[in-house]
Amino acid sequence: MKSTVSGKSGTWRNWAGNVTARPAREVTPASVDELSAAVRRAAEDGLRVKAVGTGHSFTAAAATDGVLIRPQLLTGIRRIDRDNGTVTVEAGTPLRRLNLALAREGLSLTNMGDIMEQTVSGATSTGTHGTGRDSASIAAQITGLELVTADGSVLACSEKENPDVFAAARIGIGALGIITAITFSVEPLFLLSAREEPMSFDEVTGSFDELFTENEHFEFYWFPHTGNCNTKRNNRSVGPEKPVGTVRGLYEDEFLSNGVFQAANYVGRAVPATIPSIARISSRALSARTYTDIPYKVFTSPRRVRFTEMEYAVPRAALVETLRELKAMVDRSPLRISFPVEVRTAPADDITLSTASGRDSAYIAVHMFRGTPYQAYFTAAERIFTAHGGRPHWGKVHTRDAEYFAGVYPRFGEFTALRDRLDPERRFGNDYLRRILGD
Ligand SMILES: Cc1cc2nc3c(=O)[nH]c(=O)nc-3n(C[C@H](O)[C@H](O)[C@H](O)COP(=O)(O)OP(=O)(O)OC[C@H]3O[C@@H](n4cnc5c(N)ncnc54)[C@H](O)[C@@H]3O)c2cc1C
């Protein structure tokens, strides 16, 4: 776990480098008891407490001026229950470690996002998701949670035990307690066939409903300043396994997607006028390919080029219109955007503050290369997303507040009432939570 670097200066920094914090002290508990004791001690000292994952959030969700709880010693698999198809892991376990351990046991999560650097608790707390027609976010695959609450006691929740807490704490944004273990539903390891193919913007948007309906996992990238997209369809396969060839995989994933892309972004940042030409070239760099492999090898890939991101979920039925508005905005603006716009989907779920809570959703993510001003682009994009009742990813840049969320989340009051009950003194509070949830 290399992010969330805390240098000798005591400053904590997130992956994107756009959030820093100076905690009063740091604790790395090695057991649930040690974690409970740390929460109690913080209360005695009048300090707030925040657990951090790997700092991959672009918002200040994990920032604190109080006690920073680090995840490194709370990792590993606690239990695999083959009869019930579940795995219980310590909260600080990186997704990579979980995926590898599950694969060794012939098991897998059903769906996931596009990297696996995050911790299980950090990823689920902000609603990290991939793309799916029938399968939803990682948090939606949780069947049980254990958390330390504000008085230092340990609370277990599931559909049967404390179901009101379970409904909310799967995507708790760090507001309800510190998660110590998570139980996920898992299934026998399966194969996915990926088909990546360039397609025009008009073709993808014109046939989005079919592409979505016909594939278990459909996503695409649109390259601003062009009419070009790259599409990716992942569907279950009976095999045989046909991994991305090592040489070609390295060339496309490392050289084109990371190496050349990074260089192109440096050029674009220095001379923004070159960006549209670079976009036209990079949108054509990747040719069609198909490969078949186990899930995490198909869903995830390394992302070494650093960026800042905003992502909103809109009702799936509003996706095409929203995206066309975004394209029209970029086309008539002086903005120069070197990063593709990513589009994914999720079915409605039953988690109180999930971006897909109670509504079939499509996600639109906008990115800017690290070090490039992103405000003008994100402000214009956010205006379009919010006009469609959009809900921002809790871990990605946005400017919304509690008043807005009360309007777009029918169950918002349910979450804040639970927070009042579990954390009346706001032991787990920070500035970000005050903005999005209210005092
Ligand atoms: C390169 C990159 C790729 C990404 N890809 C995707 C993607 O495909 N899909 C997607 O949806 N998102 C994606 N994200 C966003 C990312 O998954 C989320 O921001 C996620 O929350 C980061 O997890 P983390 O472990 O770094 O947690 P952090 O960012 O460190 O923390 C996130 C939140 O979780 C809380 N938290 C952490 N541990 C605990 C705990 N034990 N108990 C209670 N609360 C806790 C923190 O306090 C904070 O509120 C990506 C981000 C990056 C930088």
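Structure values in brief
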item	result
For the stretch 215-221, 3J(HN,Hα) per residue [Karplus equation, 6.51 cos²θ - 1.76 cosθ + 1.60, θ = phi - 60°, Hz, x = Gly/Pro]	10, 5, 9, 10, 8, 8, 10
Binned Cα-Cα distance frequencies in the stretch 149-279 - 10 Å width, integer %	10, 22, 21, 25, 18, 4
Full-extension gain in nm, residue 306 to residue 263, via 0.36 nm per residue minus C-alpha separation	14.3 nm
Estimated translational D of the stretch 40-126 in µm²/s (Stokes, Kirkwood radius over Cα pairs; 25 °C; 0.890 mPa s)	171
Fluctuation leader among 399, 143, 126 - the chain, Gaussian network, Cα springs under 10 angstrom	399
Cut-off under 5 Å, modelled amide H: who pairs with residue 26 long-range	68
The chain: angle of helix 375-387 to the longest principal axis, Cα-based, in degrees nearest 10	80
Contact order normalised by residue count of the stretch 77-189, Cα under 8 Å, 6+ apart, percent	33
Residue-averaged [θ]222 nm for the chain, counting only DSSP H segments that reach four residues, each worth -39500 (n - 2.57)	-8500 deg cm²/dmol
Rounded FRET efficiency, nearest 0.05, which uses the C-beta distance separating residue 417 from residue 65 and R0 of 30 Å	0.70
Accessible area of the stretch 104-235 belonging to carbon and sulfur atoms, whole % at 1.4 Å probe	48
Dipole magnitude (debye, nearest 20) for the chain, charges at Cβ of Lys, Arg, Asp, Glu	1380
Gain upon complete extension [residue 320, residue 80; 0.36 nm per residue less C-alpha separation]	82.2 nm
The chain: relative contact order in percent, alpha carbon pairs under 8 Å with at least 6 residues between	17
Förster-model FRET efficiency, 25 Å R0, residue 104 and residue 195, C-beta, rounded to 0.05	0.35
Two-site FRET efficiency, residue 329 against residue 28, from Cβ-Cβ distance with R₀ of 45 Å, rounded to 0.05	0.50
Stokes-Einstein D for the stretch 233-392, Kirkwood Rh over Cα pairs, 10 °C, 1.306 mPa s (µm²/s)	90
Extension gain from residue 402 to residue 241, taking 0.36 nm per residue of separation minus the Cα-Cα distance	53.2 nm
Solvent-accessible heavy-atom area per residue, rounded to whole Å², over the chain at 1.4 Å	40
Most to least packed among 175-184, 33-42, 347-356 [average Cβ atoms within 10 Å]	175-184, 347-356, 33-42
Global size of the chain as Cα Rg and Dmax, reported in angstrom	21.1, 61
Where Rh is the Kirkwood radius over Cα pairs, Rg/Rh for the stretch 94-152	1.01
Solvent-free Debye scattering, log10 I(q)/I(0), computed from the Cα coordinates of the stretch 77-189 at q = 0.18 Å⁻¹	-0.85
Net charge contributed by nearby residues that have their C-beta within less than 10 Å of residue 73 (K/R +1, D/E -1)	-1
Principal-axis tilt of helix 319-332 within the chain, Cα atoms, nearest 10 degrees	70
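The values are calculated or read from the model by the stated rules, or taken from the named source; none is laboratory data. What you are looking at is a predicted structure, and each value in this text was computed from that prediction instead of being measured. When we count neighbours, we look across all protein chains shown, and the Cβ atoms used for this are built from the backbone with ideal geometry, even at glycine. For the accessible areas, the whole protein counts, side chains as well, though only heavy atoms, and no ligand, DNA or RNA atoms are used. Shrake-Rupley method; radii C 1.70, N 1.55, O 1.52, S 1.80 Å.
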